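**Q** I am attaching a structure below and will ask some questions about it afterwards.
The values are calculated or read from the model by the stated rules, or taken from the named source; none is laboratory data. From a predicted model like this one, the values you see are computed outputs, not experimental measurements. Cβ placement follows ideal geometry from the backbone for every residue including glycine, while neighbour counts extend to all protein chains displayed.
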Amino acid sequence: MSKYIPVCEPTLLGNELKYVTDAVQTGWISSAGKYVREFEERFADYCGCKYGVAVCNGTVALHLALVAAGIGEGDEVIIPDFTMIATAFAVCYTGAKPVFVDADPETWNIDISKIEEKITSKTKAIIPVHLFGLMCDMDAVTDIARKHGLLVIEDAAEAHGAEYKGHRSGSVSNLAAFSFFANKNITTGEGGMVVTNDENIYNRLRYYKNVCFPLDGPRNYLHENIGYNYRMSNLVAAVGLAQVEKADEYKKMHRHNNKLYRKYLKDVSGIIFQLIPDGYLSVSWMNAILVDASKYGHTKDELCAYLKENNVDTRQLFVGMHRQPSLKKYGCDCSGEYIVTDKLTAQGLYLPSASCLNESDIYGICKLIKAFQQ
């Protein structure tokens with residue numbers, strides 16, 4: 001490639017500068033200000049939820065969701081083994097233990113058939129992670145949760161606007177956490193949000209997010225509980241509001257680019273995409289592929305090195321939770337085999353995934369992948 005193509009960069013095509021300028025000029029730059037409230041309302045509505053609580057990043061959103069749900073020391077929370085480590089860390093922050101379940105070999109999301117074998121008397125919640133913009137089988141997760149009296153907390157950090165049987169991510173559980181990191185389909189640089197339809201949970205989220213100041217009444221600086229300073233600033237929310245205004249446009253761009261990758265690489269042996277089942281709408285946050293060296297002729301690492309030589313940036317996929325030294329030290333059970341997760345780690349990579357990529361960029365990347373196989 002004649003130009004460098006990063007693995008992902010933000011797309012800022014709306015009112016970001018206008019709204020941030022307004023916040024600066026009016027002096028509303030802290031966590032008080034109209035953009036925080038408007039962003040919360042607009043994003044919650046976008047998800048099909050009643051309430052949204054904006055926070056300073058996606059990991060914080062997960063932790064706050066767990067706190068509001070009453071998860072604490074001695075509890076267990078089931079999570080996928082194949083995920084970003086923030087999912088596990090958020091559970092650890094509460095004093096609870098994350099319990100790992102291997103990935104489904106086709107969708108790469110949590111393997112529904114292996115969840116129940118991990119449930120114990122200590123299990124309090126399930127966190128399905130919607131990987132790379134594809135929602136989990138939420139009917140199956142919900143059925144298991146109801147059977148065992150568990151909460152469901154969606155980790156929707158990668159799935160803004162994704163749909164499952166006509167329902168958007170965030171709207172099919174007790175509560176859900178989103179990230180607005182710079183590489184997300186909707187971004188504020190850093191930032192996060194928890195959405196819910198439960199008014200009691202909503203009030204707990206607001207309470208714990210703001211160092212447990214009373215929701216009503218004067219601030220007498222007497223705090224009944226240990227809270228957190230997880231507030232989002234009005235400046236950040238101003239960017240978020242502008243992003244939500246163009247959310248459907250960005251989603252369309254991501255999905256279009258993923259279809260182009262699949263089109264141009266469909267006949268390349270050894271290149272495997274995530275399965276998108278019928279009834280699911282993936283927002284294709286990242287264009288992830290697996291490289292089967294026995295068919296492609298080169299390993300994932302060799303392909304990444306070749307693409308880098310040709311100005312195309314890539315990233316490897318996540319390393320399984322069972323292989324994380326930090327979680328072993330924390331006391332998590334990392335024994336057993338996680339065959340699918342290890343395969344995804346060994347063979348997987350992200351191709352450039354910015355929504356603003358054009359077709360010639362994608363065609364050029366795919367041309368390189370084909371040429372390297374020959």
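**Q** Looking at region 20-39, is at least one residue outside the structural domain of residue 285 (by TED's automatic domain parsing), within 20 Å of the chain's Cα centre (by Cα) and of a type outside the set (Ser, Thr, Tyr)?
**A** Yes, region 20-39 contains a residue that is outside the structural domain of residue 285 (by TED's automatic domain parsing), within 20 Å of the chain's Cα centre (by Cα) and of a type outside the set (Ser, Thr, Tyr).
This table checks each residue for (1) in contact with a helix residue (DSSP H, G or I) (Cβ under 8 Å, 6 or more places away or on another chain); (2) over 21 Å from residue 372 (Cβ atoms); (3) in contact (Cβ under 8 Å) with a residue 12 or more places away in the chain.
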| residue | (1), (2), (3) |
| --- | --- |
| 262 | no, no, no |
| 271 | yes, no, yes |
| 280 | no, yes, yes |
| 296 | yes, no, yes |
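**Q** Related question: Here are some residues: 85, 5. Which one is β-branched (Val, Ile, Thr), over 19 Å from the mean Cα position of the chain (by Cα) and modelled with pLDDT of 95 or more?
**A** 5
**Q** Any chance you could count how many residues in region 81-122 are closer than 24 Å to residue 168 by Cβ, free of Cβ contacts under 8 Å to residues at least 60 places away in the same chain and either part of a loop (DSSP other than H, G, I, E, B) or not aliphatic (A, V, I, L, M) (or both)?
**A** Residues that pass the stated criteria total 2.
**Q** Limited to region 257-285, what total is found for residues that are modelled with pLDDT under 95 and of a type in the set (A, V, I, L, M)?
**A** So the count comes out to 0.
**Q** Considering each of 75, 81, 45 in turn, give the residue that is crowded, with 21+ Cβ neighbours inside 10 Å and acidic (Asp, Glu).
**A** 81
**Q** Give me the residue from region 173-200 that is of a type in the set (A, V, I, L, M) and buried (at least 24 other Cβ atoms within 10 Å of the Cβ) and, out of that set, nearest to residue 69 (Cα to Cα).
**A** My answer is 175.
**Q** May I pose another question? Look at residue 61 and say whether it is small (Gly, Ala, Ser), touching an Asp or Glu at 6+ places or on another chain (Cβ under 8 Å) and crowded, with 21+ Cβ neighbours inside 10 Å.
**A** Criteria not met by residue 61.
**Q** While we're on this one: If I filter region 104-116 for residues that are surrounded by 24 or more Cβ atoms within 10 Å (Cβ to Cβ), over 27 Å from residue 74 (Cβ atoms), among the charged types (D, E, K, R) and in contact with a helix residue (DSSP H, G or I) (Cβ under 8 Å, 6 or more places away or on another chain), do I get at least one hit?
**A** Scanning region 104-116 turns up no residue that is surrounded by 24 or more Cβ atoms within 10 Å (Cβ to Cβ), over 27 Å from residue 74 (Cβ atoms), among the charged types (D, E, K, R) and in contact with a helix residue (DSSP H, G or I) (Cβ under 8 Å, 6 or more places away or on another chain).
**Q** Is it the case, given these coordinates, that residue 32 is among the aliphatic types (A, V, I, L, M) and either surrounded by fewer than 23 Cβ atoms within 10 Å (Cβ to Cβ) or at pLDDT below 95 (or both)?
**A** Answer is yes for this residue.
**Q** Right, here's the next one. For region 142-155, indicate whether the set of residues that are within 18 Å of residue 275 (Cα to Cα) and either in contact with a strand residue (DSSP E or B) (Cβ under 6 Å, 6 or more places away or on another chain) or not acidic (Asp, Glu) (or both) is non-empty.
**A** no
**Q** Looking at region 282-290, can you tell me whether even one residue there is assigned by TED's automatic domain parsing to the domain that holds residue 254 and either closer than 30 Å to residue 120 by Cβ or among the charged types (D, E, K, R) (or both)?
**A** Looking through region 282-290, none of the residues is assigned by TED's automatic domain parsing to the domain that holds residue 254 and either closer than 30 Å to residue 120 by Cβ or among the charged types (D, E, K, R) (or both).
**Q** On to the next question. Residue 125 - would you say it is of a type in the set (A, V, I, L, M, F, W, C), in a loop (DSSP other than H, G, I, E, B) and under 21 Å from the mean Cα position of the chain (by Cα)?
**A** no
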